[in-house]
Amino acid sequence: MEFRLDGIVHINYGKCGIGKINLELKPLGKCSRCKKNEAIINLAYARQRLCKDCFNDFFVNRVRRVVEEFRMFKPGERVAVAVSGGKDSVALLHALKKAFPEQDIYAFYINLGIKYYSDHLEKKVIELAEMVGVPIEIYNLKEKEGYTIDDFLLTKYKNKMCSVCGLIKRNIFTTLAVRVNADTVATGHNLDDTVSTMMSLFFAGDFEGIARLKPVLKPLIKGQPRKIKPLITTPEIEDLYYVALNELPVQECGCPHGEFTPIKGMKKWLDEMEKEQPDIKFRLLSVFRRKFIPLVDRGLGEEGVEEVRACTVCGMPSSSEICSKCRRVMELMEIKERRGEIKMEITFEELERLREKERVVLLDVRDRKEYEVYTLEGAINIPADEIQKRWKELLKYKRTHKVVVFCNAGRSSYAVAVKLRNLGFDAYSLKGGIISHIQP
């Protein structure tokens with residue numbers, strides 16, 4: 001995750017999607033607070049430069065203030081934390097326990113069955129829970145409900161995987177929280193997540209959606225937990241700083257289903273604005289929360305509030321007889337019954353047979369140097385970390401060829417194959433990678 005060299009902290013983080021974040025935290029002079037230690041974090045919006053210890057205090061104290069300001073939970077209440085293994089939820093669990101060491105905190109992780117990814121994250125969150133000293137429950141989607149997120153590549157939702165995944169996780173986290181009698185469910189939504197979503201919904205005219213982005217959401221059905229966002233005023237990059245500086249276990253590979261969404265585009269736009277106006281995200285959050293959302297709430301009134309009932313299948317809140325999550329799962333199960341299990345990987349022998357009867361393009365996603373040393377005959381090269389920018393080079397093969405992706409061991413190629421499936425390609429990953437097929 002991070003290492004130090006000549007006083008510089010290097011951070012390498014495998015974020016959602018195939019791309020990664022690489023940062024350097026260089027010495028900035030004396031810390032603005034303690035005046036003793038070397039500062040490495042620059043908080044331009046606060047006009048402060050902080051050392052590691054002062055930044056940790058700043059981070060934890062802000063979480064504490066937000067919880068207390070919005071009365072997110074009381075002493076003695078059980079707080080369920082939805083942990084994904086990403087930087088935000090990892091930072092949240094650790095900081096909450098630091099801020100409220102006597103609070104009854106319970107962690108949940110959903111193993112979504114995403115190959116080469118979910119099991120990796122499960123190990124990380126178990127390690128984190130042991131480090132923090134909180135109980136954790138693992139919910140294995142395949143074992144409990146008979147499907148995985150990867151299976152949705154069979155459905156019409158294959159290019160909307162983040163939406164489907166979010167529906168399923170929200171439903172299950174609420175179900176688990178009810179089961180352990182939790183009073184609240186805490187999620188890792190940060191300042192950037194919240195403001196970019198608000199802006200996207202604003203331009204889409206979905207004002208009711210904006211009204212649901214409050215720091216605390218009351219339960220839609222009696223007996224269910226409140227939903228809280230303790231990181232709502234925490235910039236996303238500071239979650240990464242906190243996780244790296246405290247050497248917390250966190251994901252090292254990106255989710256293969258990560259999408260380029262309008263919200264991610266909005267984040268980039270806000271990041272550019274932040275260079276000129278360091279406090280722009282805080283000001284936008286304040287305007288939406290203090291001015292806009294109250295106007296929307298008054299405009300909706302009781303008549304504008306959509307009727308909510310319990311889903312007849314799972315019992316979770318729904319605006320119809322069967323909730324969106326259960327409808328999508330039913331669609332998936334019908335497709336699986338007709339078509340069988342999804343096939344994302346093929347062996348080298350299967351590849352040879354496939355090339356005899358189909359048009360196949362081989363895609364080597366290793367770096368250029370490895371490709372030039374050795375590759376499979378006829379393969380083209382687009383490194384995995386460039387696929388987000390260069391995937392359109394493959395469009396000429398979309399309707400005519402099967403795309404077989406390979407790397408050294410099969411992990412990166414699987415992520416790229418999933419990404420290409422999301423985009424409508426008939427793509428597969430070479431199981432075991434090229435290493436297992438090189439003759440000694």
Exercise. How many angstrom separate the Cα center of the stretch 309-331 from the Cα center of the stretch 171-212?
Worked result: 18 Å
For this session: Calculate how steeply helix 161-179 sits against the longest principal axis of the alpha-carbon atoms of the chain, using the helix alpha-carbon long axis, and give the answer as 0 to 90 degrees to the nearest 10.
Result: 50 degrees
For this session: Let me see the pair-distance distribution of the stretch 345-437: every alpha carbon pair, 10 Å bin width, integer percents in order.
Result: 18, 57, 25, 0
Problem set entry | Alpha-carbon centroid distance for the pair the stretch 34-104 / the stretch 347-403, whole angstrom | 45 Å
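Answer rounded, prolate or oblate for the stretch 126-221, using the Cα gyration tensor with square roots of eigenvalues a ≥ b ≥ c: rounded when a/c is under 1.5, else prolate when a/b is larger than b/c, else oblate. Show your work: numbers first, answer last.
Numbers: a/c = 1.85, a/b = 1.19, b/c = 1.56.
Verdict is oblate for the stretch 126-221.
Scan the stretch 332-440 for chymotrypsin sites (Phe, Trp or Tyr not before Pro) in coil per DSSP, keeping those whose Cβ has at most 13 other Cβ atoms within 10 Å, and list them by number. The partial results should precede the final answer.
On the way: sites: F348, Y371, Y374, W391, Y397, F406, Y414, F425, Y428; in loops: Y374, F425.
Loop-located and lightly packed - Y374.
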Exercise. Based solely on its DSSP helices, what 222 nm [θ] is calculated for the chain when runs of n ≥ 4 H residues each add -39,500 (n - 2.57) and the sum is averaged over all residues, nearest 500 deg cm²/dmol?
Worked result: -12500 deg cm²/dmol
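Tell me which trypsin sites (Lys or Arg not before Pro) from the stretch 356-440 have a DSSP coil assignment and no more than 13 other beta carbons within 10 Å of their own. Provide the component values of the computation, followed by the final result.
Details: sites: K357, R359, R366, R368, K369, K389, R390, K392, K396, K398, R399, K402, R411, K419, R421, K431; in loops: R359, R366, K398, R399, K431.
Hits after loop and neighbour filter: R359, R399.
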Problem set entry | Relative exposure of Y139, Y117, judged by other C-beta atoms within 10 Å (fewest first) | Y139, Y117
For this session: Can you tell me how much longer the chain between T312 and K74 gets when fully stretched, taken as 0.36 nm per residue apart minus their C-alpha distance, in nm with one decimal?
Result: 82.5 nm
Problem set entry | Antiparallel bridges, percent of DSSP beta bridges restricted to the stretch 55-300 (to nearest 5) | 10 percent
For this session: Measure nothing but the geometry: give the 0 to 90° angle between the long axis through the Cα atoms of 236-245 and the longest principal axis through the Cα atoms of the chain, rounded to 10°.
Result: 80 degrees
Seminar exercise, completed: Pseudo-spin-label distance D279 to F292, built 7 Å along Cα→Cβ, given in nm, is 1.9 nm
Problem set entry | Rg/Rg_globular for the chain, with Rg_globular taken as 2.2 N^0.38 Å and Rg from C-alpha atoms | 1.05
Exercise. What area, in nm² and to one decimal, does the C-alpha convex hull of the stretch 47-153 cast on average over all directions?
Worked result: 9.1 nm²
Problem set entry | Contact order relative to length of the chain, as percent, for alpha carbon pairs under 8 angstrom and 6 or more apart | 16 percent
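Based on DSSP, what percent of beta bridges with both residues in the chain are antiparallel, to the nearest 5?
Rounded to the nearest five, the antiparallel share is 40 percent.
GluC sites (Glu not before Pro) within the stretch 293-374: which are DSSP loop residues with at most 16 other Cβ atoms inside 10 Å?
Values: sites: E302, E303, E306, E307, E321, E331, E334, E337, E341, E345, E349, E350, E352, E356, E358, E370, E372; in loops: E302, E303, E306, E307, E321, E341, E358.
Those that pass, being in a loop and sparsely packed, are E302, E303, E306, E307, E321, E341, E358.
Provide the FRET efficiency to the nearest 0.05 for the S436-E393 pair, computing r from the beta carbons and using R0 = 25 Å.
My answer for the efficiency is 0.40.
Just so you know, all these numbers are worked out from the coordinates, no wet-lab data involved. Bear in mind the structure is a predicted one, so any value in this text is a computation, not a measurement. Cβ atoms come from the backbone with ideal geometry, glycine included; neighbour counts cover every protein chain shown.
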